[in-house]
Each structure stands twice: as structure tokens, then as C-alpha cells.
1. Checking Leu186 against (1) buried (at least 21 other Cβ atoms within 10 Å of the Cβ); (2) closer than 19 Å to His106 by Cβ; (3) not β-branched (Val, Ile, Thr), only one condition comes out false. Which one?
2. Take the residues of the range 67-77 that are free of Cβ contacts under 8 Å to residues at least 40 places away in the same chain and part of a helix (DSSP H, G or I): which is nearest to the chain's Cα centre (by Cα)?
3. Considering only the range 207-227, state which residues are of a type outside the set (A, V, I, L, M) and surrounded by fewer than 19 Cβ atoms within 10 Å (Cβ to Cβ).
4. Restricting attention to the range 42-54, does a residue exist that is assigned to a loop (DSSP other than H, G, I, E, B), closer than 17 Å to Ser188 by Cα and more than 17 Å from the chain's Cα centre (by Cα)?
5. When you check Glu60 against the structure, is it among the charged types (D, E, K, R) and closer than 18 Å to Gly193 by Cα, yes or no?
6. Does at least one position in the range 93-109 carry a residue that is touching a residue at least 60 places away in the same chain (Cβ under 8 Å), more than 17 Å from the chain's Cα centre (by Cα) and in a helix (DSSP H, G or I)?
7. Within the range 143-183, work out how many residues are aromatic (Phe, Trp, Tyr), crowded, with 17+ Cβ neighbours inside 10 Å and either touching a strand residue (DSSP E or B) at 6+ places or on another chain (Cβ under 8 Å) or farther than 17 Å from Ala124 by Cα (or both).
8. Does any residue in the range 192-211 that is β-branched (Val, Ile, Thr) come within less than 7 Å, Cβ to Cβ, of a residue that is part of a loop (DSSP other than H, G, I, E, B) and surrounded by fewer than 21 Cβ atoms within 10 Å (Cβ to Cβ) six or more places away or on a different chain, and which pairs are these?
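Where a number appears in this text, it was derived from the coordinates with a stated rule and is not lab data. Note that this is a predicted model, so its numbers are computed, not measured. Note that we place each Cβ from the backbone using ideal geometry, even for glycine, and neighbour counts take in every protein chain shown.
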Amino acid sequence: MEQQLKFSQFGADNGRIIVYFHGAPGAMKECAIFDLYGQAQGLTFICFDRFSVDVSIDGEAYYQYLAQEIAKQAAGKTVDVIGFSIGAFVALQTCRYLGDGVQNLHLVSAAAPLEAGDFLDAMAGKHVFKLAKALPALFALVCYGQKLLAVFFPRTLFRLFFASAAGGDKGLLNKHEFQSSSRHLLRSCFTDGIPGYTRDMRAYVCPWASTLSGLSVNTYIWHGAADNWSPKAMAIYLKTALLNCAHIEILEGLSHYSCLYETAPKICKLLGKH
């Protein structure tokens with residue numbers, strides 16, 4: 001019997017289904033940001049544990065598998081999709097296999113194809129992406145080193161991960177709730193999800209701009225003007241590359257995670273009207 005992919009649910013119990021693709025690194029609990037807003041708007045958020053998908057399921061088969069799992073939960077109804085950071089990349093690829101099953105796609109702090117512009121040198125994680133592309137085996141080894149930090153020195157890993165925080169992200173670092181949730185996400189990713197995390201990263205650093213031309217889903221782009229993880233130029237590129245971008249909003253002073261926190265209630269309010 002085929003095993004169902006595990007997911008976490010937030011928001012309303014039996015509302016309109018919104019599928020959330022967490023970042024990389026990230027984990028299902030990242031979607032908790034939408035919990036209260038989803039309850040208020042009658043939205044049911046589902047975040048799949050995609051890092052637990054067997055590593056033998058790779059490439060296009062991986063996106064097809066995620067689409068199939070979404071379709072099971074949708075049970076014939078349309079869904080809305082939100083993708084954050086590199087999760088936006090996976091969301092875009094998965095939407096190619098959902099067709100008319102997706103009503104709206106929201107891209108938050110989205111990571112665009114590296115080959116589509118001069119983005120890499122402006123990215124805080126440029127060395128990580130370069131390593132994942134050139135030496136994937138060494139990249140995986142570094143991830144297992146991060147696992148040791150996640151288990152024994154979680155605060156150190158948190159500080160290293162956010163050492164280059166910019167814009168509104170700097171303010172988040174002083175908030176206990178953000179510190180606690182971020183350490184949980186990093187620990188979850190680097191203790192249980194390394195194979196899935198490295199699969200997403202390896203896929204992301206390969207060329208994929210050509211896959212965007214066939215996507216016609218109604219798309220909203222939300223991006224921080226001060227984002228140094230996914231530079232603002234990535235949002236501008238995605239607006240031109242996607243056939244049906246209904247809205248783009250560049251938020252001044254905000255960076256990567258601060259954009260997610262700021263836009264979560266806005267997205268829920270917009271989804272609640274549809």
C-alpha cells in the first residue's frame with residue numbers, strides 16, 4: 001500500500017485549502033506563521049514534509065509526486081499555493097503538474113533561476129550555492145557538519161545562519177519567538193531532512209528558467225527591497241518570466257524572513273476574499 005506523505009495542518013479545520021512550500025533550509029512548522037490568520041479567514045493551510053520524500057524520487061518525478069499528494073488532499077477542488085524562498089522554486093515546478101488545480105500562486109521572497117541574471121554575487125548564501133553546484137558531495141558533507149551544530153550548539157548555528165541578516169530581518173533576531181522557531185526549523189532540517197534538503201538545493205542550482213514559459217497560473221509576487229538572500233532583481237525577473245503575474249509588491253526596508261512575516265496576514269486576507 002502506498003504511504004501518504006506526512007503533512008502539518010494550520011489555520012481553520014475545514015476551510016479552503018492552501019498548500020505552503022517551506023524554505024530550504026526549513027520545515028513544516030514554518031507554516032505556523034499563517035495559523036491565526038488562516039483561522040480568521042477560514043483557510044486551511046497544509047505543509048507537506050517534502051524533505052522526507054524518498055531520495056530515489058528525484059527530478060521531474062519528485063515534482064509529479066508532490067502534485068499527486070496535493071491532488072489527494074484537494075479531492076477534486078482547486079487549491080491555492082504559497083512558496084517561500086527556495087520553496088517558491090519547488091512550488092513553481094510542482095504547479096506545472098497541477099494544471100487547472102491551482103487557483104492562485106503566491107511567491108514570497110522567491111529564489112529565481114541563477115542562470116537568469118547576475119544574481120549570485122548579491123546573495124548572502126552565494127558560497128553555499130556555488131558549492132552545491134560544483135561539489136555536491138562536499139556540500140552534503142558540510143550539511144552533516146551543520147547537523148552536529150543543530151544538535152549540540154543550536155544557538156551557534158542560528159547565529160551563523162543569520163550572520164548576514166539585513167533590513168527588517170535584523171529586528172526579528174531580537175525576538176524570542178523568532179529565535180526559538182528558527183532554531184527548531186534548522187534542527188528539524190539538519191537532523192532529519194538533510195537528504196531532502198540537498199535534493200532541493202541540487203535541483204535549484206541547475207538551470208530551470210526554461211520551465212517557466214509554460215506556467216499560466218495567476219501569480220502574486222511579494223518581495224523585500226532589502227532582501228540579500230533572494231535579491232530584489234529576482235522578483236523583477238520572475239514578474240517578466242511568468243505569463244500571468246497579477247501583482248508584484250516590493251516592500252521597502254524588508255528582507256527575506258521579515259517579508260514573510262509582514263505579508264502573511266495580507267496574503268490570507270486576499271485569499272479570504274476569493
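1. Here Leu186 meets the rest and fails (2).
2. Looking at residues that are free of Cβ contacts under 8 Å to residues at least 40 places away in the same chain and part of a helix (DSSP H, G or I), I get Ala67.
3. Pro207, Trp208, Ser210, Thr211, Ser213, Gly214, Ser216, Asn218 - these are the residues of the range 207-227 that are of a type outside the set (A, V, I, L, M) and surrounded by fewer than 19 Cβ atoms within 10 Å (Cβ to Cβ).
4. Checked against the condition, which is being assigned to a loop (DSSP other than H, G, I, E, B), closer than 17 Å to Ser188 by Cα and more than 17 Å from the chain's Cα centre (by Cα), the range 42-54 yields at least one hit.
5. Here the answer is no, as Glu60 does not meet what is asked.
6. Within the range 93-109 (the criterion being touching a residue at least 60 places away in the same chain (Cβ under 8 Å), more than 17 Å from the chain's Cα centre (by Cα) and in a helix (DSSP H, G or I)), the answer is no, since none of the residues qualifies.
7. So the answer is 1.
8. Short answer, once both residue conditions are applied: Thr211/Arg96.
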